[in-house]
Amino acid sequence: MNDSPNESKRAQISNLCPSLTADPQQVEALFEILDRFGGFDAPGGELSIAFVSKSEISRIHEQFMQDPTATDVITFPGDSDEDLAGEICVCPEVALEYSESNQVEFSQELALYLVHGYLHLCGFNDETDTQRRSMRNAESIAMDNLARHQAIPQFRIAID
């Protein structure tokens, strides 16, 4: 998966995780459905989506949050003056580990990480119990919407 060459697209997608196979158009469609049917207060502008390795997400997590552990998703707010909605960094390897240990379909789990990052950009947080409940509810609504529109990308990952 390469960066999208079409500057008019909502999302610029970078696959920095060599074991992941994904269709950039399917990832783009996920965000189009969320924007169109989600009912969330999404920021305008371009989204940057980066699929990163476990070591890279750990490095980012340590650099920006002083926590060296691997995590599922990290979201950075954008700059409306620059027409940037924000950046969502997700780790397919963490999604694979979770999906295997919890009998969850891999594509569903990775799509949930994209949804979670998107919701952070829409103003949702998950620091308190109340915020977490609100985030989980919004995630459920978003995932149901994606399923209804058949917009959950079919991700594949090579297992070592």
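Among residues of the stretch 18-32 that are basic (Lys, Arg), none has a beta-carbon under 8 Å from a residue that is part of a strand (DSSP E or B) and buried (at least 21 other Cβ atoms within 10 Å of the Cβ) at least six positions away or on a different chain. Of all residues in the stretch 122-142, one or more are in a helix (DSSP H, G or I), surrounded by fewer than 18 Cβ atoms within 10 Å (Cβ to Cβ) and in contact (Cβ under 8 Å) with a residue 60 or more places away in the chain. Name the single residue that is surrounded by the most Cβ atoms within 10 Å (Cβ to Cβ) among those in the stretch 44-77 being among the charged types (D, E, K, R) and within 21 Å of Ser19 (Cβ to Cβ). Among those that are among the charged types (D, E, K, R) and within 21 Å of Ser19 (Cβ to Cβ), it is Asp72. In the stretch 37-77, the qualifying residues are those that are out of contact with any helix residue (DSSP H, G or I) (no Cβ under 7 Å at 6 or more places or on another chain), within 18 Å of Gly123 (Cα to Cα) and assigned to a strand (DSSP E or B), and the one that is modelled with the lowest pLDDT is Glu46. Would it be correct to say that Glu28 is under 16 Å from the mean Cα position of the chain (by Cα), in a helix (DSSP H, G or I) and surrounded by fewer than 18 Cβ atoms within 10 Å (Cβ to Cβ)? Considered against the rule, which asks whether it is under 16 Å from the mean Cα position of the chain (by Cα), in a helix (DSSP H, G or I) and surrounded by fewer than 18 Cβ atoms within 10 Å (Cβ to Cβ), Glu28 comes out as no.
Set side by side, the residues Ser4, Ser80 differ, and just one is polar (S, T, N, Q), surrounded by fewer than 18 Cβ atoms within 10 Å (Cβ to Cβ) and either farther than 22 Å from Leu96 by Cβ or modelled with pLDDT under 95 (or both), which is Ser80.
The values are calculated or read from the model by the stated rules, or taken from the named source; none is laboratory data. Since we're looking at a predicted model, the values are computed, not measured. Neighbour counts are summed over all protein chains in view; Cβ atoms, including those assigned to glycine, are modelled from backbone coordinates with ideal geometry.
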